[in-house]
1. Against the 2.2 N^0.38 Å scaling, with N counting residues, where does the range 113-185 land? I'd like the Cα-based Rg ratio to two decimal places.
2. Can you pull the Rg over Rh of the range 71-167, Cα-only, Kirkwood?
3. Can you give me the angle between helix 160-178 and the longest principal axis of the chain, using Cα atoms only, in degrees from 0 to 90, rounded to the nearest 10?
4. With viscosity set to 0.692 mPa s at 37 °C, what whole-number translational diffusion coefficient in µm²/s follows for the range 12-72 from Stokes-Einstein and a Kirkwood radius over Cα pairs?
5. To check my understanding: the extent here is largest minus smallest coordinate of the Cα atoms along each principal axis. What are those three numbers for the range 1-133, in Å, largest first?
6. Based only on Cα atoms, what mean projected area does the convex hull of the range 38-98 have, in nm²?
7. What do you get for Rg/Rh over the chain if you use C-alpha atoms and the Kirkwood form of Rh?
8. Number of Lys pairs in the range 1-98 with C-alpha atoms less than 18 angstrom apart, excluding same-chain neighbours closer than eight positions?
Amino acid sequence: MRLIIELETKSGHEFVLPIQYNYLVQSMIYRSLDSDFANFLHEQGFESGDRQFKLFVFSRLLGKFRMDRAKNKIIFQSPIKLIVVSPIHQFCQSLSNGLLTKKDLHLGFNAAVVKEINVQNPTIGEETVKMRTLSPVVAYSTLMRPEGGKYTCYFQPGENEFTRLVNLNLKNKYKALHAEKAPEGEVEIRTLGNPKLHVMQYKEIVIKGYSATLILSGSKILLQLALDTGLGSKNSMGFGCLEKTF
């Protein structure tokens, strides 16, 4: 289920946010959920072996904006749109109810109100689809240095390791959602044009992701899962949100 959320400021002024605002959006989402369900997601989530998944993803904020790099701010005209996607009905219902009924909705220091929520249920009907990223896709491995210590290696669309990691992630998410092994086969990933690198920060963590238009080919079930839960890692931090294009 895909929620297209239109937000406006209570004051009628602009939304003023730090350039790196993913954590603020994620916090607004968690605060809007039923408290018991929010605690379940935050502390446990949906499990596949030793891995845990929140099974939701959200886009970048959509709207007209300008940057104030001297103050590390991004200023959006009101209203703005946010797309939140999840295959979990309870999540979507709880989020919608919370956003529409809470009287103290805040995005960062901006008091906000929901103007409208539109619900969509896009489906995958073919084994090859064209999609574009609504938030950068992240695929990474944590490796050991020869001299000791860990480092993170990020991969971009078009690289074999990117495709391998994305497929592993999809199959783990399928198992977490359905409690059974994922369908056989791999999702092939091609890019149209050159992927664009984004170096972002979530709290104190630097994360590298890529935006691109992608051609995905494979099992319709796994393609649907990519659309419904996000592609790659760190989806609940606002990475890997996709939109089917025509």
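1. With N residues counted in the range 113-185, Rg over 2.2 N^0.38 Å equals 1.54.
2. That ratio is 1.07, to two decimals.
3. 70
4. D, rounded to a whole number, is 232 µm²/s.
5. Largest to smallest, the principal-axis extents are 44, 38, 29 Å.
6. With the hull built on Cα positions only, its mean projection is 6.3 nm².
7. Radius of gyration relative to Kirkwood radius: 0.96.
8. Number of lysine pairs found: 4.
The values are calculated or read from the model by the stated rules, or taken from the named source; none is laboratory data. Because the structure is a prediction, the values reported are computed rather than measured. Note that each Cβ is placed from the backbone with ideal geometry, even for glycine, and that neighbours are counted across all protein chains shown. Quick note on the areas: whole protein, heavy atoms, side chains included, nothing else; ligands and nucleic acids left out. Shrake-Rupley method; radii C 1.70, N 1.55, O 1.52, S 1.80 Å.
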